[in-house]
Amino acid sequence: MKKYLLLLFFFTTIAAFSQGQSMRRSGGGAGGNMAGRFYGKIIDAASNKGIDAASVQLLQSRMDSVSNKRKDISVAGQLTTSKGNFSLENLPARGTFRLLITAIGYTPIDTTVKFELSNGSNPSDMLDKDLGNIKMTADVQQLSEVKVVASKPMFQMGVDRKIFNVDKNIVTTGQTATEIMKNVPGVNVDIDGNVTLRNASPTIFVDGRPTTMTLDQLPADAIESVEIITNPSARFDASGGTAGILNVILKKNRKAGYNGNIRAGIDSRARINLGGDINIKQGKVNFFAGLNFNQRKSISEGNTYRENIYADKSENTILNQSGNSTNKGQFIFGRIGFDYFMDNRNTLTISFTSPHGQFNSAQNDNIHIDTLSTPIKTQNALREINTKRKFDSFEPAIGFKHLFPKSGRELTADINYNANKNSNKGSYVTTYYDDNGAKLPDPGLQLLNGSGSSKNWTIQTDFVTPVSKGKLEMGLRTAIRNTKTISENSSYDYNIGQYIVIPSASTNYKYNDQVYAVYSTYSNKLGESFTYQLGLRAESSNYKGTLISTGEQFSNKYPLQFFPSVFLTKSFNPGQDLQLNYSRRINRPNFWQLIPFYDVSDLLNISVGNPALRPEFTNSFELNYTQSLGKGHSLLTSVYFKQTNNLITQYQSRQYNVPLPDGKLDSAMVVSYINANSSRSYGLELTSKNPIAKWLNLTTNLNFYNARIDNSGLDSTLGVNDRWAFFGKMNFDFKLPANFIIQLSGDYQSRTLVPQGGGGRRGPGGGGFFGGSSGASQGYINPNYGVDLAIRKEFMKDKRAAITLSVNDLLKTRKYAAYSENSYFIQDMWRRRDWQVMRLNFSYRFGKFDMSLFKRKNNRNVGEGNDDISQ
């Protein structure tokens, strides 16, 4: 019911504001009869076409009663119509006027006009004066200056967020958002695409809203920029726990005329990528569309060594597993939409996004198991895994924006809907061998069929208004998600010669998540150099899940929680700011982390949820100092501290009565989730931009931090896990003669604790709405580093075309290796994925910059006597 009430509110809001009429009062200058009129037409000197939205101002010199000096007073003003016409009315009959005409991209016109009054003539004819066609010439210098202003650097820094402009990064051309994150300063990405920010998993936004899409479903060529928000204010969702937000901004242009680009590429594994984008803006409509097609072939290899420890040491086992996998597939990403400028104060935006993908993978594992009895028992096996995965998503969105007559006051409303479905099929064949390498009969055969679907609503409205000298912002948000998943696990029975479904290892469930939020922030200045922002967010949430096969229900309603934020900023010299901020956030366990269902699709990695999990709460503090050092050099220094209680983390232990694919109950090592007592992290982060020379720019990010997890009381071997670590990333941008560009980027991660927060996703078609934890409290990650390189050649007029050659993991050094232990096991593992892949890409930009296509939504008089008084 709440969903439909919010929908009604949304459309009522649009109707009310789009039909509201502004009240204006009109007046004139002092003195004289208000009977005169100047009219005419502003045209392009080259094409003789009328110029739309040119500003026509009529000024008159008058005595200022305060200063006793003469100054120009605006008598009337107007923007020209779409055909270039204007009409200035109710003007004084006597005196000389100054006519000032300006338009974007044209040389201004400044001249004098007056009414020629003579005896014996009809006054009404003399006071209705046609100024004729007034020609304006294009200002070449102004147009070139516009181009310079529009060129963005690769990396922009601010106190509250950092912005990484993707179109300036050539290393990721033809790839996905995952590869983009590898080049964003401060962001770390492992070989499986898991993203961390200050050693914690951030929340991913797309265009300012949370998304169900994963980073590998977003093509890099569709992305305009990435915003890194390390400590979000109360305006943002409180969900996310220990990390910040990575906001992915998709491309959408509003330049007058039309513009776009087309691109194509191929990699060293013979995988292609194709794409194109276009924007058309004319009149009241801005249309945008994009389509991308990407093929992939991902290759990985790895090894796991694990000792399982039992009370009876003769039962201890040693597992040594090595394997390789190849994942082939493709995905299509399409986006289309338009902005409709209803009038000068109301804008309606409708868009539709749809990613589709299909992937097939083949994996081979060599497994060697020794049981340390007397004599030692040895078991060898070869496991072959073949899976097929498919996903489809449909994401329409509608947004409305109303600008009030009072400057700075606006209302926005958005509805986002997401419907997606997925399916997966897996075949597991385990062939056993004796000590002499001879194949044993009756290999283990297992089938896993799964499918899932979800329908999600996000409804939000925000209101901003000036209050005295400050600004008040408030909003409402509702997020509703309905998910259904089916998982069928079957084992082959040689006695009857067919596959048998294992009920204890199969599931059919559905669940509903709901989050309701309201927030408000107030910002203001004290004096000329001190600003503050105070915010408070309130959230209430609940979920309900049902195991359809058994009828069991799992539900929880989290009470209303409050999440304050404080931002204090002191400005010193221009380019120097000091900011202290604080926020409180929450990370709720997701359904898969809670449901006590055993996932035995991989017998070496069995997992189960924990219904006793509690939400985790994080208090975050940051002190930021931004300093502009002159000549383009800048430095951002950040000191941060985060304290999390009830940290949700993975925990591996031995459990008994685990349902196995053969239908039996047995003991096994199982990954589940627990609440650690607490975690704490603090550190120093430095981000700098340095133009070393005219041909070389350097961006550097260094993060020194301490991570600590308190597991005392959970396991006798755990206690407190505390470690100092270091992460660094450097991006070199070389601008060479003949329009060549070289980009070289490298990163290094020292030994560190397993990242906290985020993820926690398991199960077929699963994935928790509330987030969760993929981290562990039992070990660390070994050091790793990597280098990427790209070379780009720009050519044709205005550098419209470019060819880019790139290679990732140039030195084949990106190797993920981790160590973990507790009283039940000791484990070392390493993996490597997609090293030294070369890509060749071509891109071509096109467009037309037509001055006659500039459309302005405001056609009211802007003179001094035409103030808008509606509120």
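Contact annotation: residue pairs with Cβ atoms under 6 Å, 6 or more positions apart or on different chains, pairing a residue in region 694-713 that is under 23 Å from residue 684 (Cα atoms) and assigned to a strand (DSSP E or B) with a partner that is acidic (Asp, Glu) and open to solvent by less than 30 Å² (accessible area, probe 1.4 Å), are 703/685. The residue pairs whose first member lies in region 283-309 and is over 30 Å from residue 822 (Cβ atoms) and without any contact (Cβ under 8 Å) to a residue 40 or more places away in the chain, whose second member is open to solvent by less than 50 Å² (accessible area, probe 1.4 Å) and of a type outside the set (Phe, Trp, Tyr), and whose beta carbons are closer than 6 Å, counting only pairs six or more residues apart or on different chains, are 297/269. Going through (1) more than 25 Å from residue 419 (Cα to Cα); (2) of a type in the set (S, T, N, Q); (3) open to solvent by 60 Å² or more (accessible area, probe 1.4 Å) one by one, residue 308 falls short only on (3).
Table: residues versus (1) open to solvent by 50 Å² or more (accessible area, probe 1.4 Å); (2) within 23 Å of residue 236 (Cα to Cα); (3) in contact (Cβ under 8 Å) with a residue 24 or more places away in the chain; (4) part of a loop (DSSP other than H, G, I, E, B).
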site: 585; (1), (2), (3), (4): no, yes, yes, no
site: 589; (1), (2), (3), (4): no, yes, yes, yes
site: 610; (1), (2), (3), (4): no, no, yes, yes
site: 614; (1), (2), (3), (4): yes, yes, yes, yes
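Cβ separations smaller than 7 Å between residues 6+ apart or across chains give the following pairs from region 91-118 residues that are modelled with pLDDT of 85 or more to residues that are of a type in the set (Phe, Trp, Tyr): 91/38; 112/97; 113/38; 113/97; 114/97. Just need a number here: residues in region 416-435 that are of a type outside the set (Phe, Trp, Tyr), assigned to a strand (DSSP E or B) and surrounded by fewer than 19 Cβ atoms within 10 Å (Cβ to Cβ). Residues flagged as of a type outside the set (Phe, Trp, Tyr), assigned to a strand (DSSP E or B) and surrounded by fewer than 19 Cβ atoms within 10 Å (Cβ to Cβ) within region 416-435 amount to 8. Of everything in region 311-355 that is of a type in the set (Asp, Glu) and over 37 Å from the mean Cα position of the chain (by Cα), the residue that is least open to solvent (accessible area, probe 1.4 Å) is 312.
If you filter region 436-447 down to residues that are in a strand (DSSP E or B) and closer than 19 Å to residue 497 by Cβ, you find that the one that is most open to solvent (accessible area, probe 1.4 Å) is 447. Exactly one residue out of 459, 496 is of a type outside the set (S, T, N, Q), modelled with pLDDT of 90 or more and out of contact with any helix residue (DSSP H, G or I) (no Cβ under 6 Å at 6 or more places or on another chain): that is 496. Those strands (runs of 3 or more DSSP E) of region 198-309 in which 3 or more residues are within 19 Å of the chain's Cα centre (by Cα) occupy 203-206, 223-229, 245-250, 285-308. Cβ-Cβ distances below 8 Å connect the following pairs, each with a first residue in region 387-407 that is of a type in the set (D, E, K, R), a second residue that is open to solvent by 30 Å² or more (accessible area, probe 1.4 Å) and not in a strand (DSSP E or B), and a separation of six or more residues or different chains: 406/871. Output the number of the condition that residue 243 fails; it satisfies all remaining conditions of (1) touching a residue at least 24 places away in the same chain (Cβ under 8 Å); (2) surrounded by fewer than 22 Cβ atoms within 10 Å (Cβ to Cβ); (3) under 30 Å from residue 709 (Cα atoms). Of the numbered conditions (1) touching a residue at least 24 places away in the same chain (Cβ under 8 Å); (2) surrounded by fewer than 22 Cβ atoms within 10 Å (Cβ to Cβ); (3) under 30 Å from residue 709 (Cα atoms), the odd one out for residue 243 is (2). Residues that are modelled with pLDDT of 80 or more, more than 23 Å from the chain's Cα centre (by Cα) and buried (at least 19 other Cβ atoms within 10 Å of the Cβ) within region 741-778 comprise 743, 749, 752, 753, listed in sequence order. Would you mind listing the strands (runs of 3 or more DSSP E) fully within region 448-566 where at least 3 residues are touching a Lys or Arg at 6+ places or on another chain (Cβ under 9 Å)? Per the criteria, 470-493, 507-526, 530-547.
The values are calculated or read from the model by the stated rules, or taken from the named source; none is laboratory data. These numbers were taken from a predicted model, which means no experiment stands behind them. Here Cβ is always computed from backbone atoms with ideal geometry, including for glycine, and neighbour counts include all displayed protein chains. Calculation scope for accessible area: heavy atoms of the full protein, side chains included, ligands and nucleic acids excluded. Shrake-Rupley method; radii C 1.70, N 1.55, O 1.52, S 1.80 Å.
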